Amino acid sequence: MTRWRKALIAASAGLTAAVGLTVLHDVPASAAPADLEVQYLCKPTGPKSIVRHDDVQLSTRLNFATDLVVGDPLNFTWKLDYANDTRLQSPGYFAAGAQVHAVGNVELDSSWQGILKPKGAADQESNLRPDDPLSLPEALTDPGLIDKPGTIKVTPKDIVLDFMPPDGSVEVNDGNDSDNPSDLEIVYTGSWTPIIGRPSSEHHVHNDLHETTTAGDSAQLTFVGTGVEYIGPRDKDAGPVDIYIDGTKRATVDPSRDDNDDPVNDDLNGGATLWKSPSLAYGSHTIMIKSTSTAPVWLDAFEVTTSTAKVPTGYHRATCTMIGGPVSVIVTVRERGEPTTSQTPTITPTRTPTSTPTGSVTPSSTPTVSSPNVDPGIDRSLVSVVPGGVRTTTATPKPTTTKTKYVKAQVAKTPKGGVDSGEAPEPGRGSYGLIAGGSMLLMGSLTGGLLLRRRKAGHAGGVES
């Protein structure tokens, strides 16, 4: 009987080891970033706006995290692009280095109250003429530090566009049509004659100029800036020229004399500044020169000057408003170490696993979006809120999730330097049968041996002790 007792104790120990359980802890699921694609329509709001002829449509994309912890920055990245062939356009003649500034407005509500203003700028790398297209800032950014837990309702608002010309000057040439394809440039009235292909030794701008010998002929340029110069040749045969700014006569110059009013002995000595305006208020102005005799008058170019410090705020402004209704996204801010608001369920395998895993979640009849959290009532035909940058125009039901069945390894603790031995048989599927079979074999062996000994004793006429 001692052997039986030992066998049963061993079998019980094996059974206990075979049905050990593994309990898994909750695993937080990180929230996807908000990725909003919003269309805007820009209209002129300044006196000389960079929205010049038609309203300009922008396609924008605003990206930010929707699950943060205290101390994280609420960092917005707002990308801008043109939505069609409409463009912001230069309001005048400017040297290289002008800038387009963009300021977004993002309203914060709920646990925080206020406005964040993501900003960006784009340099215009070449000289500009009226109606030249302008490049947009690639992205607007404005990180804000989060200092307490709570929820933030984030709502993008208007975008304000401004234009800032550089300090400096730019020449506006009076050449032929290939040099001046825009009718917004120098306008000639009368019998002016273009003179092209002049030798470079004469120093004319683009080696060309215009000439008239008719009294009363005029040439004028409308520009945006703070000053202007009349550029032409000094020549011993030149006639006097009246100069007007915004319709008011300002001076009379004689290109046949130098700055000391002494006669010159030059022939078409070009590139000279024959007259320079006083400082003007920044804005739109018109300069006009007019011949006063039958002596020849020449015009080579006007040079437009701009002082950035004198540009009024908002003079070239455009304001872009969202097409359609507003959209809001909820951002959750947790204390550091707290689980996210979206978690996978706790998984605890049972002793007798079923063939069909449990824990499936089926979508309800009313779809909801849990991450990112979208404020209800928005127009989703115009704005997409999707994780990972994939757009959608409709709300999507919660995906079906299924609990994963976990099993314990055959060797609970792998020896140092050893390798994992793979998966153990599932609890309750083989250990009982093995123990019962071993017990039956052992009992059969004992019984058979006992009967055999009795038979041998009977044949020998002995009695078993």
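General observations
- Computed as a quarter of the hull surface, the mean projected area of the alpha carbon convex hull for the range 233-301 stands at 4.9 nm².
- Among 217-228, 200-211, sorting by the average number of other beta carbon atoms lying within 10 angstrom of each residue, highest first, gives 217-228, 200-211.
- Largest-first ellipsoid semi-axes for the range 168-310, taking √(5λ) over the Cα gyration tensor eigenvalues, angstrom: 22, 17, 15
- Electrostatic dipole magnitude of the range 168-310 [Cβ: Lys, Arg +1; Asp, Glu -1; Cα centre; debye, to 20]: 500 debye
- In order through the range 33-42: 3J(HN,Hα) via Karplus (6.51 cos²θ - 1.76 cosθ + 1.60), integer Hz, x for Gly, Pro: x, 7, 9, 9, 10, 10, 8, 10, 10, 9
- Close amide H pairs (under 5 Å, H built 1.01 Å from N) link N75 with A65, G144, residues at least 5 positions away or on another chain.
- Share of Cα-Cα pairs in the range 124-251 lying beyond 22 Å, as whole percent: 56 percent
- Ranked by the mean number of other Cβ atoms within 10 Å of their residues, highest first, the peptides 289-302, 248-261, 70-83 come out as 289-302, 70-83, 248-261.
- Under the Karplus curve 6.51 cos²θ - 1.76 cosθ + 1.60, θ = phi - 60°, whole-Hz ³J(HN,Hα) for the range 217-229, x wherever Gly or Pro sits: 5, 9, 9, 9, 9, 9, 9, 10, x, 10, x, 7, 10
- Amide H contacts of W275: Y230, each under 5 Å away and 5 or more positions distant or on a separate chain (H built 1.01 Å from N in the peptide plane; Pro and chain starts excluded).
- Each 10 Å bin, from zero up to the one with the longest distance, holds this percent of the alpha carbon pairs of the range 64-105: 16, 33, 26, 16, 8.
Here, each number is a calculation from the coordinates, and none is a lab measurement. Every value quoted in this text rests on a predicted model; they were computed, and no experiment measured them. All Cβ positions, glycine included, derive from the backbone under ideal geometry; neighbour counts span all protein chains shown.
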